[in-house]
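Comments concern the structure below.
The values are calculated or read from the model by the stated rules, or taken from the named source; none is laboratory data. A quick note: this is a predicted structure, and the numbers were derived from the prediction, not measured. Don't worry about glycine lacking a Cβ; one is built from the backbone with ideal geometry, like all the others, and counts go over all protein chains shown. Heavy atoms of the whole protein, side chains included, go into the accessibility calculation; ligands, DNA and RNA do not. Shrake-Rupley method; radii C 1.70, N 1.55, O 1.52, S 1.80 Å.
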Amino acid sequence: NRPESAIKSWLVLGPIPFEMGLRGFPALDLKPLGEEGELQPRAEQRRRIGERELVWRAARLDDYRIDFAKILGEGTAWSAVYACSYIQSDREQTGVRMLLASSAHSKVYLNGREVYRKGHPHFHEDSEMVEGLTLRRGLNVLLLKVVSNDDVGWLGAIRFTDAAGQPLSGIKSGAAP
């Protein structure tokens, strides 16, 4: 449990099934919602995907870890999930580090730009790092996408620090802009 600079307020959409047998980056590169970097969902917003209508659900976490199966109440095999958080920063912050982990193939967008993609599915908190990011003063949009090929677990976690590894000050995350 890492409370410092951890993103704990999310909007979650899923599971979005994909073709059984599709694995790794081919599954991650599917775009069932269109241009992923442009997504700016609202709580309770509905999306039709194929025959299913899904709803963006607000999730406020006590822990650093997003347990997608627990939030969605559904199995995870052969499906994707999206999580979006709106981050308010009281000033422009450069040299920001993003520490993250996921239990499956994943990618992250910050303010519309893909800043991360992962191909080895092992969840260890803070196991991955992206350096040199910038948070704009005001609203920033963070989007995490995770795909799962099995029912073993479906987890994600993101937190921010400054370039020295200290918790990032002056930010608040929320499920609405």
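Step by step: first the residues of segment 16-52, then only those that are part of a strand (DSSP E or B) and either out of contact with any Lys or Arg (no Cβ under 9 Å at 6 or more places or on another chain) or basic (Lys, Arg) (or both), then the one that is nearest to GLY73 (Cα to Cα). Which residue is that? Going through the qualifying residues, I end up with ARG52. From the list VAL141, VAL108, VAL115, VAL146, exactly one residue is within 20 Å of GLN93 (Cα to Cα), touching a helix residue (DSSP H, G or I) at 6+ places or on another chain (Cβ under 9 Å) and in a strand (DSSP E or B). Which is it? So the residue among VAL141, VAL108, VAL115, VAL146 that is within 20 Å of GLN93 (Cα to Cα), touching a helix residue (DSSP H, G or I) at 6+ places or on another chain (Cβ under 9 Å) and in a strand (DSSP E or B) is VAL141. Filter segment 53-81 down to residues that are touching a Pro at 6+ places or on another chain (Cβ under 8 Å) and in a strand (DSSP E or B) and give me whichever is farthest from GLY37 (Cα to Cα). Applying the filter and picking the extreme gives SER79.
Looking across segment 27-51, the residues that are in contact (Cβ under 8 Å) with a residue 24 or more places away in the chain and among the acidic types (Asp, Glu) come down to GLU36, GLU38.
Once segment 138-177 is narrowed to residues that are open to solvent by 30 Å² or more (accessible area, probe 1.4 Å) and of a type in the set (Val, Ile, Thr), the residue that is nearest to the chain's Cα centre (by Cα) is ILE171.
Taking residues in segment 7-26 that are within 30 Å of LEU135 (Cβ to Cβ), and partners anywhere that are surrounded by 16 or more Cβ atoms within 10 Å (Cβ to Cβ) and at pLDDT below 85, the pairs with Cβ atoms closer than 7 Å and at least 6 places apart or on different chains are PRO15/THR76.
Against the criterion of being open to solvent by less than 20 Å² (accessible area, probe 1.4 Å) and either touching a strand residue (DSSP E or B) at 6+ places or on another chain (Cβ under 8 Å) or closer than 17 Å to VAL108 by Cβ (or both), PRO15 qualifies.
Selection of segment 101-125 for residues being over 10 Å from GLY156 (Cα atoms), of a type outside the set (A, V, I, L, M) and open to solvent by less than 50 Å² (accessible area, probe 1.4 Å) yields HIS105, LYS107, TYR109, ASN111, GLY112, TYR116, LYS118, GLY119.
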